[in-house]
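First the structure, in the form of structure tokens, and then the observations on it.
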């Protein structure tokens, strides 16, 4: 069985989304034929409410696990997922043999450049628990 994500039906896949630099996470399910563009838009819409993000900020979706990327050492700093109308979740992730997790990255768009916010003011439910230290395959809702 493909370990891409927990499957709720043969037509759906579920992914874990973690708010970058926090321990907050949610799991969302999608039809595997959802395009990447629709996937990104659905996540953005839901994440503002579920993660209590002010709408004055922009959200970027980042595939987890890209350490030492072009933007730095942190996987949260990796390039955001690129929108595509021609690629579905099935096309992009079906043949991956590990669990896929994503970061919800909040960026400040009040200036011309896009600066990633360091979210230190969010009260964590359990300060000792650090989801970033848990292997991606073990993260579940």
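The values are calculated or read from the model by the stated rules, or taken from the named source; none is laboratory data. All figures in this text were calculated on a predicted structure; none of them were measured in a lab. Note: ideal-geometry Cβ built from the backbone for every residue, glycine included; neighbour counts use all protein chains shown.
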(request) Kindly list, by first and then second residue, each pair from a residue in segment 16-36 that is without any contact (Cβ under 8 Å) to a residue 40 or more places away in the chain and on the phi < 0 side of the Ramachandran plot to a residue that is part of a loop (DSSP other than H, G, I, E, B) and crowded, with 19+ Cβ neighbours inside 10 Å, limited to pairs with Cβ atoms under 9 Å and residues at least 6 apart or on different chains. (result) 29/5
(message) Out of everything in segment 28-54 that is more than 15 Å from the chain's Cα centre (by Cα) and buried (at least 16 other Cβ atoms within 10 Å of the Cβ), what residue ends up being nearest to residue 13 (Cα to Cα)?
(response) 32
(request) Filter segment 30-41 for residues that are in a helix (DSSP H, G or I) and touching a strand residue (DSSP E or B) at 6+ places or on another chain (Cβ under 7 Å) and give the result. (result) 39, 40
(request) Considering only segment 57-94, state which residues are out of contact with any helix residue (DSSP H, G or I) (no Cβ under 9 Å at 6 or more places or on another chain), part of a helix (DSSP H, G or I) and at pLDDT below 90. (result) 77, 93
